[in-house]
Amino acid sequence: PLAEFSGDQDFQQFLQKDLEYIRKIKGDVAQVQELVCTTLQLCNEEELMLVKQKLGISQAPLDQCHSKTFQDACFSQIRDGLQIYHGHLALLLQLLPAHSSLVDALQLDVSNLSTNIQQQMEDLGGLNTVTYPKAEGQDTLPSLSSDFDKQAGGFIILANFKRFLETSLRALRHLTL
Amino acid sequence: MGSTVTASCTIQSNRCGGLDGEEIQITWRLDSESMSGSQHKSVEGAEVSNLTISHFNRTRAKLWCYVVWNGTPQRIGMAEIHAGYPPSKPENLTCMMNLSKNSLTCRWDPGLDGHLPARVTLKISQEVIPDCIPQGGQNYCTIPRRSLQLYQKMDIWVSVQNALGTAESEHLCIDPMDVAKLDPPVLKSIQSVPFQTDCVSVAWEVAPTSSHIEQQCELRYRTHEDPGWTLTHHCGFLFGTDYRFQMRCRRVTAMGYWSEWSPGWNFITHE
Amino acid sequence: MGSTVTASCTIQSNRCGGLDGEEIQITWRLDSESMSGSQHKSVEGAEVSNLTISHFNRTRAKLWCYVVWNGTPQRIGMAEIHAGYPPSKPENLTCMMNLSKNSLTCRWDPGLDGHLPARVTLKISQEVIPDCIPQGGQNYCTIPRRSLQLYQKMDIWVSVQNALGTAESEHLCIDPMDVAKLDPPVLKSIQSVPFQTDCVSVAWEVAPTSSHIEQQCELRYRTHEDPGWTLTHHCGFLFGTDYRFQMRCRRVTAMGYWSEWSPGWNFITHE
């Protein structure tokens, strides 16, 4: 059903707003990553591949957004993924207490964007707003026992979320005229 | 304001020790101005004085009731009078999103003063969001980020309520990001263009708070002698002249507000 | 600080996917400085590296444990080290009652820095009264009026606590009003005394905030040329000289503090 929408003026405006908002959130994520580097001395992902395997932090799925023919399910996955990362970002509040206002603002933007997408899918009516059953434990973080596991976990969440946003940007940009 | 005020003052001397059997003379004072009422005895034997003030023209006044006792006038009752008008409709409601403070500030013209204590609130359609109460009678209110839903339309209006009624402004239906005022860009470098010698090439950076927004920017210049600034399209400059440049930006869609002009950049075109 | 720090890093390769069967080389980093430990295989077959750092001389550091995997060093563990000393005893605790702000401010010398996060509190004997927590590492604290028992002795002391211990200052047993600093008096008039022409008579008013306290006051004067002030007993003045006078007061019992000097008063003695 999406094919009919791509020319629709409202749909195009909806896309432009989401693209801009994702770009804003991506900028905020980069700022928090900078803080994790300067504050926790965790700066590059290659050094954390082993611990990443051990912690097993799941990434929000965007498989519906990779196909050439854009699926409505991709919107649902973006919306649901944003909610998952909204939850995961709470860990950053613990890790960066001196910068809680920045992390708060990031969480607020993430939840706003997710609500916007849900609202816009409803407003456009034709979009299939089904909610995909989440894989087991996708929402919740694994238990992170040591300080190091928490700090490494925070770094990994931000890296995952940055990739999630880049994939979402590519998928939505694909739809703009 | 301007209407008639009536008041009455009743003394049951039998229940008022010291006034028993005395001749009772009730007098009035509006703030410090003496006034006389019409006094009569009520059926229950109490002394009643009625006062009528037509075209009441003060916004606030205290009305005192006196009776003379032991030769001195005794204050025995008081009423506070507030006069005014129903609130007038607030006009010209506009809002602006500040990207560095991440808040939306709305301003309006309050219209005529109702002279009465009034409750002014900036209302937002989503019930879950608390009203914005302007501080001490100001005509603007700032909605914090946590009460905003970015990139979504919000219905905003002003409501004014006093003892004599309520008035509401027109409703604004806006997405805060569509009324954003961008932060100014920063000029990075200005150079002459080798072959088009009367042109300059400009390098600048948009503000980090709006780097995610597609923007159009304007350049202006002036020499020390110039009275005012001139908008430019990078060409038409004199040789060997000391120019001062500034740039500002706005959404490509022309929605929202121009940023302030950037800090100035001095550049002398070559001979 | 200065003592020895020991740490160990254990890797059970069979429980660490990707490391199975690989030769494991554990390395260490203190912040960004590489360090080598002594590595051995434990009875359960795990690789264990032990590290000893003698005379640890940093107040804060991060100790990282690495293992090489797929050619890149992998961070697999971290410990944050805070080093310092037990808190030293706070000295020279003094308190002063401010009569216009109606609060008691106590100051002290903190002594040597323990380099560790420390909790400093100004304690008051009456349990019902909350401790006074100085703001951001300051060495003074202001006890608000509602926590004070005026004209009663209060037991006040400072307590400093960090991870390595607790230290307490000497206890002060004071009545806030005995350590009051009076507000300065106001000079009302200064005149020559007719017969003792080199003397002056002074009229002044004590500050309203301390008018209930019996006070003794001092007068000082200077001419423009004088380098400093001179205390006076109202006599010994030169003729026709332009003097500047100030006054201050203190409790008659000499307890508490002199007030600041009053605003100046200029007076020219007659010829």
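The values are calculated or read from the model by the stated rules, or taken from the named source; none is laboratory data. Because the structure is a prediction, the values reported are computed rather than measured. Neighbour counts are summed over all protein chains in view; Cβ atoms, including those assigned to glycine, are modelled from backbone coordinates with ideal geometry.
Go over the candidates B:Arg29, B:Arg107, B:Arg15 one by one and state the one that is more than 30 Å from B:Lys181 (Cβ to Cβ), charged (D, E, K, R), buried (at least 16 other Cβ atoms within 10 Å of the Cβ) and free of Cβ contacts under 8 Å to residues at least 40 places away in the same chain. Steps first, answer last, please.
Details: B:Arg107 fails: more than 30 Å from B:Lys181 (Cβ to Cβ); B:Arg15 fails: buried (at least 16 other Cβ atoms within 10 Å of the Cβ).
Answer to the check: B:Arg29.
Out of the strands (runs of 3 or more DSSP E) lying entirely within region C:23-85, which hold 2 or more residues that are within 12 Å of chain A (Cβ to nearest Cβ) and small (Gly, Ala, Ser)? Can you show your working first?
Values: elements: C:26-30, C:33-35, C:38-41, C:47-53, C:60-69, C:72-82.
It comes to C:72-82.
Given the condition touching a residue at least 12 places away in the same chain (Cβ under 8 Å), in contact with a Gly (Cβ under 6 Å, 6 or more places away or on another chain) and among the aliphatic types (A, V, I, L, M), answer yes or no: does some residue in region B:172-180 qualify?
Yes, region B:172-180 contains a residue that is touching a residue at least 12 places away in the same chain (Cβ under 8 Å), in contact with a Gly (Cβ under 6 Å, 6 or more places away or on another chain) and among the aliphatic types (A, V, I, L, M).
Under 7 Å between Cβ atoms, at least 6 apart or on separate chains: pull out the pairs that start in region C:243-261 with a residue that is at positive phi and end on any residue that is in a strand (DSSP E or B).
C:Gly256/C:Ala180; C:Gly256/C:Lys181; C:Gly256/C:Arg250
Please work out which one of (1) farther than 14 Å from A:Gly154 by Cβ; (2) buried (at least 20 other Cβ atoms within 10 Å of the Cβ); (3) more than 14 Å from chain B (Cβ to nearest Cβ) is the condition A:Asp8 fails and give its number.
The single condition A:Asp8 does not satisfy is (2).
Can B:Thr166 be described as in contact (Cβ under 8 Å) with a residue 40 or more places away in the chain, of a type in the set (Ser, Thr, Tyr) and not in a strand (DSSP E or B)? Can you show your working first?
Working: in contact (Cβ under 8 Å) with a residue 40 or more places away in the chain: yes; of a type in the set (Ser, Thr, Tyr): yes; not in a strand (DSSP E or B): no.
Spelling it out, it is not the case that B:Thr166 is in contact (Cβ under 8 Å) with a residue 40 or more places away in the chain, of a type in the set (Ser, Thr, Tyr) and not in a strand (DSSP E or B).
Taking region A:30-58 only, how many residues are more than 9 Å from every other protein chain (Cβ to nearest Cβ), within 26 Å of B:His212 (Cα to Cα) and in contact (Cβ under 8 Å) with a residue 40 or more places away in the chain?
Total satisfying the criteria: 7.
If I ask for residues that are assigned to a loop (DSSP other than H, G, I, E, B) and loosely packed, with under 15 Cβ neighbours inside 10 Å, which ones from region C:205-228 would you list? Spell out the reasoning first.
Narrowing region C:205-228 to residues assigned to a loop (DSSP other than H, G, I, E, B): C:206-207, C:211-214, C:223-228.
Of everything in region C:205-228, those that are assigned to a loop (DSSP other than H, G, I, E, B) and loosely packed, with under 15 Cβ neighbours inside 10 Å turn out to be C:Ser211, C:His212, C:Glu214, C:Thr223, C:His224, C:Glu225, C:Asp226, C:Pro227, C:Gly228.
Enumerate the pairs (first residue in region A:148-165 and within 14 Å of another protein chain (Cβ to nearest Cβ); second residue anywhere and crowded, with 24+ Cβ neighbours inside 10 Å and charged (D, E, K, R)) with beta-carbon separation below 8 Å, excluding pairs fewer than 6 apart on the same chain, so at least 6 apart or on different chains.
none
Output the residues belonging to region B:169-192 that are part of a strand (DSSP E or B), within 25 Å of B:Tyr151 (Cα to Cα) and of a type in the set (A, V, I, L, M, F, W, C). Before you say what the answer is, go through the steps one by one.
Going residue by residue through region B:169-192, those that are part of a strand (DSSP E or B) are B:172-174, B:180-181, B:186-192.
Pick out the ones that are also within 25 Å of B:Tyr151 (Cα to Cα) and you get B:172-174, B:180-181.
Answer for region B:169-192, where residues must be part of a strand (DSSP E or B), within 25 Å of B:Tyr151 (Cα to Cα) and of a type in the set (A, V, I, L, M, F, W, C): B:Leu172, B:Cys173, B:Ile174, B:Ala180.
If the requirement is being touching a helix residue (DSSP H, G or I) at 6+ places or on another chain (Cβ under 6 Å), more than 26 Å from B:Gln216 (Cβ to Cβ) and among the aliphatic types (A, V, I, L, M), which of these qualifies: B:Ile156, B:Ile129, B:Ile76?
Details: B:Ile156 fails: touching a helix residue (DSSP H, G or I) at 6+ places or on another chain (Cβ under 6 Å); B:Ile76 fails: touching a helix residue (DSSP H, G or I) at 6+ places or on another chain (Cβ under 6 Å).
Unique residue meeting the criteria: B:Ile129.
Got a sec? Which of C:Gln196, C:Gln246, C:Gln216 is among the polar types (S, T, N, Q) and at pLDDT below 85? First the steps, then the outcome.
Values: C:Gln246 fails: at pLDDT below 85; C:Gln216 fails: at pLDDT below 85.
Result: C:Gln196 is the single residue among C:Gln196, C:Gln246, C:Gln216 that is among the polar types (S, T, N, Q) and at pLDDT below 85.
Any idea which residue in region B:148-188 is farthest from the chain's Cα centre (by Cα), counting only those that are under 24 Å from B:Arg251 (Cβ atoms) and surrounded by fewer than 17 Cβ atoms within 10 Å (Cβ to Cβ)? So that I can check it myself, show each step before the final result.
Filtering region B:148-188 down to residues under 24 Å from B:Arg251 (Cβ atoms) leaves B:148-156, B:170-188.
With the extra rule that they be surrounded by fewer than 17 Cβ atoms within 10 Å (Cβ to Cβ), the set shrinks to B:153, B:155, B:170-171, B:173, B:178, B:186, B:188.
Values: B:Lys153: 23, B:Asp155: 19, B:Glu170: 15, B:His171: 16, B:Cys173: 20, B:Asp178: 22, B:Val186: 33, B:Lys188: 39 Å.
Applying the filter and picking the extreme gives B:Lys188.
When you look at B:Gln149, is it within 14 Å of chain A (Cβ to nearest Cβ) and either touching a strand residue (DSSP E or B) at 6+ places or on another chain (Cβ under 8 Å) or more than 30 Å from B:Thr59 (Cβ to Cβ) (or both), yes or no?
Working: within 14 Å of chain A (Cβ to nearest Cβ): yes; either touching a strand residue (DSSP E or B) at 6+ places or on another chain (Cβ under 8 Å) or more than 30 Å from B:Thr59 (Cβ to Cβ) (or both): yes.
Yes: the conditions hold for B:Gln149.
Is at least one residue of region B:145-159 in contact (Cβ under 8 Å) with a residue 60 or more places away in the chain and in a loop (DSSP other than H, G, I, E, B)? Give the derivation first.
Filtering region B:145-159 down to residues in contact (Cβ under 8 Å) with a residue 60 or more places away in the chain leaves B:156-158.
Cutting the leftovers down to in a loop (DSSP other than H, G, I, E, B) gives us none.
There is no residue in region B:145-159 that is in contact (Cβ under 8 Å) with a residue 60 or more places away in the chain and in a loop (DSSP other than H, G, I, E, B).
How many of the residues making up region B:93-104 are over 11 Å from the mean Cα position of the chain (by Cα) and either closer than 17 Å to B:Ser169 by Cβ or surrounded by fewer than 15 Cβ atoms within 10 Å (Cβ to Cβ) (or both)?
Within region B:93-104, the first condition is being over 11 Å from the mean Cα position of the chain (by Cα), and the residues that meet it are B:94-104.
Next cut, either closer than 17 Å to B:Ser169 by Cβ or surrounded by fewer than 15 Cβ atoms within 10 Å (Cβ to Cβ) (or both) only: B:94-96, B:100-101, B:104.
Count: 6.
Would region C:176-188 turn up any residue that is at negative phi and small (Gly, Ala, Ser)? Let's see the steps before the verdict.
Here is the first cut: in region C:176-188, the residues at negative phi are C:176-188.
After this cut, where a residue has to be small (Gly, Ala, Ser) as well, the list is C:180.
Yes: one or more hits.
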